[in-house]
1. Among the residues of segment A:43-65, is any among the aromatic types (Phe, Trp, Tyr), part of a helix (DSSP H, G or I) and within 16 Å of ligand 2 (Cβ to nearest atom)?
2. Go over the candidates A:GLY104, A:GLY136, A:GLY164, A:GLY155 one by one and state the one that is open to solvent by less than 30 Å² (accessible area, probe 1.4 Å), small (Gly, Ala, Ser), assigned by TED's automatic domain parsing to the domain that holds A:ASN197 and out of contact with any strand residue (DSSP E or B) (no Cβ under 6 Å at 6 or more places or on another chain).
3. Just give me the residues in segment A:153-204 being within 15 Å of ligand 1 (Cβ to nearest atom), away from chain B (no Cβ under 14 Å) and more than 25 Å from B:ASN5 (Cβ to Cβ), in sequence order.
4. Would you mind stating whether A:VAL274 is part of a loop (DSSP other than H, G, I, E, B), open to solvent by 40 Å² or more (accessible area, probe 1.4 Å) and either within 16 Å of ligand 2 (Cβ to nearest atom) or in contact (Cβ under 8 Å) with a residue 12 or more places away in the chain (or both)?
5. Looking at the structure I just gave you, is B:LEU36 within 16 Å of ligand 1 (Cβ to nearest atom) and either in contact with a Ser or Thr (Cβ under 8 Å, 6 or more places away or on another chain) or in the same structural domain as B:VAL100 (by TED's automatic domain parsing) (or both)?
6. Checking the conditions here, which among A:GLY79, A:GLY111, A:GLY13 is out of contact with any Pro (no Cβ under 8 Å at 6 or more places or on another chain) and open to solvent by less than 10 Å² (accessible area, probe 1.4 Å)?
7. What number of residues within segment B:67-86 satisfy the criterion of being within 9 Å of chain A (Cβ to nearest Cβ), touching a strand residue (DSSP E or B) at 6+ places or on another chain (Cβ under 9 Å) and either within 27 Å of A:ILE72 (Cα to Cα) or surrounded by fewer than 15 Cβ atoms within 10 Å (Cβ to Cβ) (or both)?
8. Give the residues of segment B:87-102 that are part of a loop (DSSP other than H, G, I, E, B), among the aliphatic types (A, V, I, L, M) and either within 14 Å of B:ASP119 (Cβ to Cβ) or within 12 Å of another protein chain (Cβ to nearest Cβ) (or both), sorted by residue number.
Amino acid sequence: MRTEQVDVAVVGGGPAGLAAALSAKESGAEHVLLIERGERMGGILNQCIHDGFGTKLMGEAFTGPEYAQIFINRLTNTGVNVKLDTMVMDISSDRELVICSSDGLIRVKAGAIVLCTGCRERTRGAIRIPGTRPAGVFTAGVVQEYMNIRNLSVGRKVVILGSGDIGLIMARRLTLEGVEVECVAEILPYPSGLARNIVQCLEDFEIPLYLSTTVVDIHGIDRVEGITLAKIGPRGGIVRGTKRFVKCDTLLLSVGLIPENELAKKAGIKLSPVTAGPIVDDHFQTSIPGIFCGGNALQVHDLVDYASMESEKAGRSAAFFAGAGKLPSPSIKVLPGQGIRYVIPHEVSGNEPVDFSMRVKSPEADRYIVFKQGEKVIRRMRQIELAPAAMIRMRVRSDRFQRSLDSLTVEVAD
Amino acid sequence: MNEGNIVCTVCPTSCLIDAKWDEKELISIDRAQCKLAWGYISDEIFDPKRVVTTTVPTETGKNPLVSVKTAEPVPKHLVLDIMDTLAVVQAKGPVNAGDVIVADVLGTGVNIIATSNSD
Ligand SMILES: Cc1cc2nc3c(=O)[nH]c(=O)nc-3n(C[C@H](O)[C@H](O)[C@H](O)COP(=O)(O)OP(=O)(O)OC[C@H]3O[C@@H](n4cnc5c(N)ncnc54)[C@H](O)[C@@H]3O)c2cc1C
Ligand code: SF4
């Protein structure tokens, strides 16, 4: 096997990988290698043809492909080496990658690695819907790719299970293309997608959203012929007498995204059971020194801008590590408290300002997000609206951290 | 004067805006996280508009489709008519993001432009 040596290797050419490679290069890493298994850069943005990308970073709303192109243009002529159609097969804890392309297998020894492998969709198996196994059951992201990239249609009459953002975006997309969207069913008592997508994608087209409702049966032998919907009670059981048949030829699943971390697992990186992404510090360094992570591989993002920003920091940290061989070690553990599902980063050094991102467990109105060390409140911010679908970002200045204490708790409070 | 809550849908942040307006104009907005809300909320009250995004087939390109959008938001009631217009449009020759695919769609004064490349 041929061996190459690089300073920073970035895995994945989506918005996170693009930002990480750019900032690694700008921070002084000489040999930066960006590896993408697809035939083009941009990742999931290539199929997200709707607009609303970049408002935080660029003050303007772009479509997914346009947002990606801005970063691809910035990358050209920087000297970052891009390998497309190349898959990273393996990485090891001593920062060696095995990559595979039409040139065969190559071993890459990297000073530092940034994992930006994005996420994948949960499938029918992952949520165990009973019934037959006919054709016509798809995940929403697959349909998005079929329609927006490959020019394939999937059916005429569609039910969408799950109010995740891709499902909502696809409800509108299908309607615009003349496909009938019967309804969206959501098992939770509140929507799991963003308010914006409920308004723009459902309300604009009068598509009904049934909450506390799920698909309890799928009918059809060769092709989906219909599904049975039922109301779900507070304890998770089917509410008697609420079963009803809905005729359709297609069922779309939009039941969540999971960070893609097969490579991280192979390297022995510690993953969080809550986010399914690596445990990281404020440099986005994982449990293995010199391996960093950003974007949807770390946590599922609703805003690409934040995926780019966090990966920019990961890229900068990687360049620094490749040069210096180490980074300041974190001494303060960050713990999710009352009402908080997770907080990233999981540990901080307290020497630099930190942009925290977090999600709440359930919808709340007019509460505070409070950062506490011991009994002392180090940061507090009022939140008018809190929803699990919307990631919260808060910056804490370095002078607020009490470095003598070894933990910090974030909670929802009055 | 009228008051109400309107979700800003320009980006995924989905700010729930407190708006006040009279018969003629938007008077104030509160809770917006950025300046893009003003124009959107004002339109949403007096003349709702949407950016239409879709795809059109390419003639020769490596990719069977290019993605397109209305270069500006267009009146909401025209969204489906614009889709009908675009249903029969094919992009000629190689296309680059930014190229005009349909000029002045349905007399709105707004162009349909490509948002991706055909090759
Ligand atoms: C339907 C949908 C709608 C959205 N709408 C909006 C919106 O309106 N506004 C907004 O701001 N954000 C939106 N987002 C969020 C935004 O798209 C994501 O935050 C962002 O794309 C994440 O980028 P990423 O680079 O982490 O992942 P991805 O874009 O998924 O990129 C990961 C890349 O890694 C590559 N890869 C994976 N494994 C390997 C390997 N082993 N070897 C080589 N390459 C590999 C993949 O091929 C892929 O190209 C939306 C997301 C979705 C899914
Ligand atoms: S006000 Fe700004 S941040 Fe809030 S939803 Fe509108 S565009 Fe997004």
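The values are calculated or read from the model by the stated rules, or taken from the named source; none is laboratory data. Since we're looking at a predicted model, the values are computed, not measured. With ideal geometry, Cβ positions are generated from the backbone for all residues, glycine too; neighbour counts draw on all protein chains shown. For accessibility, only protein heavy atoms count, side chains too; no ligands or nucleic acids. Shrake-Rupley method; radii C 1.70, N 1.55, O 1.52, S 1.80 Å.
1. Filtering segment A:43-65 down to residues among the aromatic types (Phe, Trp, Tyr) leaves A:53, A:62.
Okay, now just the ones that are also part of a helix (DSSP H, G or I), so none.
The answer is no, given that none of the residues of segment A:43-65 is among the aromatic types (Phe, Trp, Tyr), part of a helix (DSSP H, G or I) and within 16 Å of ligand 2 (Cβ to nearest atom).
2. It is A:GLY164.
3. Across segment A:153-204, the qualifying residues are A:ILE160, A:GLY162.
4. Details: part of a loop (DSSP other than H, G, I, E, B): yes; open to solvent by 40 Å² or more (accessible area, probe 1.4 Å): yes; either within 16 Å of ligand 2 (Cβ to nearest atom) or in contact (Cβ under 8 Å) with a residue 12 or more places away in the chain (or both): yes.
Criteria met by A:VAL274.
5. Numbers: within 16 Å of ligand 1 (Cβ to nearest atom): yes; either in contact with a Ser or Thr (Cβ under 8 Å, 6 or more places away or on another chain) or in the same structural domain as B:VAL100 (by TED's automatic domain parsing) (or both): yes.
Considered against the rule, which asks whether it is within 16 Å of ligand 1 (Cβ to nearest atom) and either in contact with a Ser or Thr (Cβ under 8 Å, 6 or more places away or on another chain) or in the same structural domain as B:VAL100 (by TED's automatic domain parsing) (or both), B:LEU36 comes out as yes.
6. A:GLY13
7. Looking only at that region, the number is 3.
8. Passing the criteria: B:VAL95, B:ALA97.
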